[in-house]
Amino acid sequence: MLFRSWQGPVERPWPDVVSVPDHVGVDHLVVTRHALVRQVLADPETFRPDNALDAMTPIPVGALRVLARHGFRLPPTLANNGGHSHPAIRGIVAEALHPHRVAAQRPWLTAVVRERVGRLGAALDTGHPVDLYADLAADLPLLVLARLVDLPEAPTEVVKEFTRAALELFWAPVDPQRQRVLADVVGRFHAVLREFAATGGGLAADLRTAGQPPDVVVGALFFLLVAGQETTSQFLTLLLHRLTGTPEVIVGLGAGTVAVDDVVEEGLRLEPPIVTWRRVAARDTELAGTPVPEGTSVVLWLARAGRDPEVVAAPEAFVPGQRGSRRHLAFGAGAHRCVGAQLSRLEAAVVVEETAPLLADVTVVRAPWCPDNLSFRMPDAFVVAHR
């Protein structure tokens, strides 16, 4: 379960809190109930975020040497920062992703998506299958992020290789040979980020001006490139795939009886791009009567919390606007709630609105396939064709 917790419906009952070993024999306390997941997220003093970016597969000496050769360091910055510096760093990043700045991207984003959907529709009309991941969703969030935050000059494919390598290196079960390959990809781009952090404008300059050290600037950029675009491209792909299986929702969107925003929220509930997240117990405590010793790794099953029958009326059904739909924890909660939530929502709303008519007459040729990963889905393709 631990590495494929996103897969399939939640069919069998689970305890609210249960100890589960991972692939190397380390026990993790998995929390499944919505109220308990929220409780942990809202208490960063008892359940600290320090382990959020720890590698699930211990990194062997060979891969560590590769990272060291590239000068790789990832200090507490955003998701893994439970210290006093977090609010100041988060505040600067939040300003870069301010809802007003995000909303201003809608006309440009709509034009880009509309043009892409037009090309995809033309290809479908000639009988050719199209890949909605590669040709629509994969790079779109990166393009939007680059309009809000100055980023290093690098080909899109290089950035995407780096971000997916980082997700695999830190959150997947991988063998030592693969870890060395991933460490080289991550390390090489980390060097690019270091150079940009020292001279770049926008967010990097704002962090430098605020007196943040170079490693923090790099860490903020590192995390934004992962959480600020990779997770959104995954969510867009998974949401579009979900819509192809719910034709009544597509009809409702066309008729105006189903709201786009409701579709996005229901998608976040059922297809969250981040299915689990971690915390570590800072002291001896308990959850729902279960002892939690200091140092325990706590895995919060965000995806299952979104299907809690005590919160949502029809946990397994895709019913936009149903009771409890918006109470999902796809963006977390508390002091570390996703700072890019509104950006992700905007992108998803525009993509759903513009792509829904295209989906009304397609069949799935190749559904998204996702590799083993504790927290991220990482779909590789989504191919459709006209019926």
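What to note about this one:
- Subset of segment 21-32 [in contact with a strand residue (DSSP E or B) (Cβ under 8 Å, 6 or more places away or on another chain) and either surrounded by 15 or more Cβ atoms within 10 Å (Cβ to Cβ) or not in a strand (DSSP E or B) (or both)]: 22, 26, 28, 29, 30, 31, 32
- Among residues of segment 99-127 that are within 23 Å of residue 342 (Cβ to Cβ), those with a beta-carbon under 9 Å from a residue that is small (Gly, Ala, Ser) and in a helix (DSSP H, G or I) at least six positions away or on a different chain give the pairs 106/349.
- Output for segment 336-364, where each listed residue is among the polar types (S, T, N, Q) and touching a Ser or Thr at 6+ places or on another chain (Cβ under 6 Å): 344
- Members of segment 119-144 that are closer than 21 Å to residue 242 by Cα and among the small types (Gly, Ala, Ser): 121, 134, 137, 138
- Checked against (1) surrounded by fewer than 19 Cβ atoms within 10 Å (Cβ to Cβ); (2) touching a residue at least 40 places away in the same chain (Cβ under 8 Å); (3) touching a helix residue (DSSP H, G or I) at 6+ places or on another chain (Cβ under 8 Å); (4) under 20 Å from residue 85 (Cβ atoms), residue 207 passes all but a single condition, namely (1).
- Of the residues making up segment 69-90, just one is under 22 Å from the mean Cα position of the chain (by Cα), among the charged types (D, E, K, R) and outside any loop (DSSP other than H, G, I, E, B), namely 90.
- Residue 275 in contact with a Phe, Trp or Tyr (Cβ under 9 Å, 6 or more places away or on another chain), of a type in the set (Val, Ile, Thr) and farther than 28 Å from residue 163 by Cβ: no
- In segment 233-267, of all residues being of a type in the set (S, T, N, Q) and outside any helix (DSSP H, G or I), the one that is farthest from residue 298 (Cα to Cα) corresponds to 257.
- Which listed residue, of 306, 321, 295, is surrounded by fewer than 20 Cβ atoms within 10 Å (Cβ to Cβ) and within 25 Å of residue 373 (Cβ to Cβ): 295
Yes/no per residue for (1) in a loop (DSSP other than H, G, I, E, B); (2) among the aromatic types (Phe, Trp, Tyr); (3) loosely packed, with under 15 Cβ neighbours inside 10 Å:
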{"position": "115", "(1), (2), (3)": "no, no, yes"}
{"position": "170", "(1), (2), (3)": "no, yes, no"}
{"position": "186", "(1), (2), (3)": "no, no, no"}
{"position": "192", "(1), (2), (3)": "no, no, no"}
{"position": "196", "(1), (2), (3)": "no, yes, no"}
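Rule-based calculations on the coordinates, nothing more; no lab input. Given the structure is predicted, the values throughout are model-derived calculations rather than measurements. Heads up, the Cβs are rebuilt from the backbone with ideal geometry, glycines too, and the neighbour counts pull from every protein chain shown.
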